[in-house]
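Inspection log for the structure reproduced underneath, given as structure tokens.
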Amino acid sequence: MKILTVSGYKPMELGIFKENDDRIMFIKSAIEKRLIGFIEEGLEWVLISGQMGVELWTAEIVLDLQESYDIKLGIFPPFENQDSRWPDNLKEKYQEMIMLADFYQPLYQGDYKGPYQFKAKNLWFIDKSDACLLLMDDEFPGSNRFLYDTAKASEKDYTVFTITAADLDDAVEERRMQDPDYWS
């Protein structure tokens, strides 16, 4: 696997409304752990659409991992100005990520035109990547279900990896065990 699409929940789908929410650290730990494993097996590119939440957190992780690994980040939003209705702090983060990405290209020129752009985005990501990694709970799939369903219906040999609640529990436990006070 050379190219991986990563997606997942938007922050509000997780009940996260502040950038300093502790849960983000655990989510990022779980994503980073999976990405490092894939990179060590030959992963070269991580592709995201740049939506807020899991995708922007993934962009931060990939940019950090570039200090130690040869991994590239591609951001392909479904249309230009996807951040036009976002809070200012997330707009700033998004703009920074697209400036630092190895490649950035909106799939459609211009602003949002209709839901067909999101469907086309999902098809494009599946076509251009070898597999995807989704932070997703089967019982509460949220907006992830569209990419997941499209990936599962794909006729190509396409693997869907997931980060589950159990993976997040492991990330929490690993972080706790890294605290020296945990062992005393």
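List of remarks:
- Single condition Lys128 does not satisfy, out of (1) charged (D, E, K, R); (2) over 29 Å from Lys18 (Cα atoms); (3) under 13 Å from the mean Cα position of the chain (by Cα): (3)
- Test result for Gly110, surrounded by 15 or more Cβ atoms within 10 Å (Cβ to Cβ) and at positive phi: no
- Scope the range 124-136; condition surrounded by 14 or more Cβ atoms within 10 Å (Cβ to Cβ) and not in a loop (DSSP other than H, G, I, E, B); matching residues: Trp124, Phe125, Ile126, Ala131, Cys132, Leu133, Leu134, Leu135
- Which numbered condition Gly8 misses (of (1) small (Gly, Ala, Ser); (2) surrounded by fewer than 23 Cβ atoms within 10 Å (Cβ to Cβ); (3) at pLDDT 95 or above): (2)
- Selection within the range 61-94 - under 17 Å from the mean Cα position of the chain (by Cα) and open to solvent by 80 Å² or more (accessible area, probe 1.4 Å): Asp64
- The listed residue being farther than 24 Å from Leu168 by Cα and modelled with pLDDT of 95 or more, out of Gln105, Gln51: Gln105
- Taking the range 147-173 as the range and being without any contact (Cβ under 8 Å) to a residue 24 or more places away in the chain and either at positive phi or part of a helix (DSSP H, G or I) (or both) as the test, the residues that pass are Tyr148, Asp149, Lys152, Ala153, Ala166, Asp169, Glu173.
- Top-ranked residue of the range 23-60 - restricted to ones that are farther than 16 Å from Cys132 by Cβ and touching a Phe, Trp or Tyr at 6+ places or on another chain (Cβ under 7 Å), ranked as most open to solvent (accessible area, probe 1.4 Å): Lys28
- Residue check, Asp169 surrounded by fewer than 16 Cβ atoms within 10 Å (Cβ to Cβ) and closer than 20 Å to Lys10 by Cβ: no
- Enumeration of residues in the range 137-146 that are open to solvent by 80 Å² or more (accessible area, probe 1.4 Å) and not in a helix (DSSP H, G or I): Asp138, Glu139, Phe140
- Counting only residues that are in contact with a Phe, Trp or Tyr (Cβ under 9 Å, 6 or more places away or on another chain), surrounded by 15 or more Cβ atoms within 10 Å (Cβ to Cβ) and not small (Gly, Ala, Ser), the range 147-160 holds 3 of them.
The values are calculated or read from the model by the stated rules, or taken from the named source; none is laboratory data. The structure presented is a predicted model; accordingly, all values stated were derived computationally and were not measured. All Cβ positions, glycine included, derive from the backbone under ideal geometry; neighbour counts span all protein chains shown. With ligands, DNA and RNA removed, areas are computed over all heavy atoms of the protein, side chains included. Shrake-Rupley method; radii C 1.70, N 1.55, O 1.52, S 1.80 Å.
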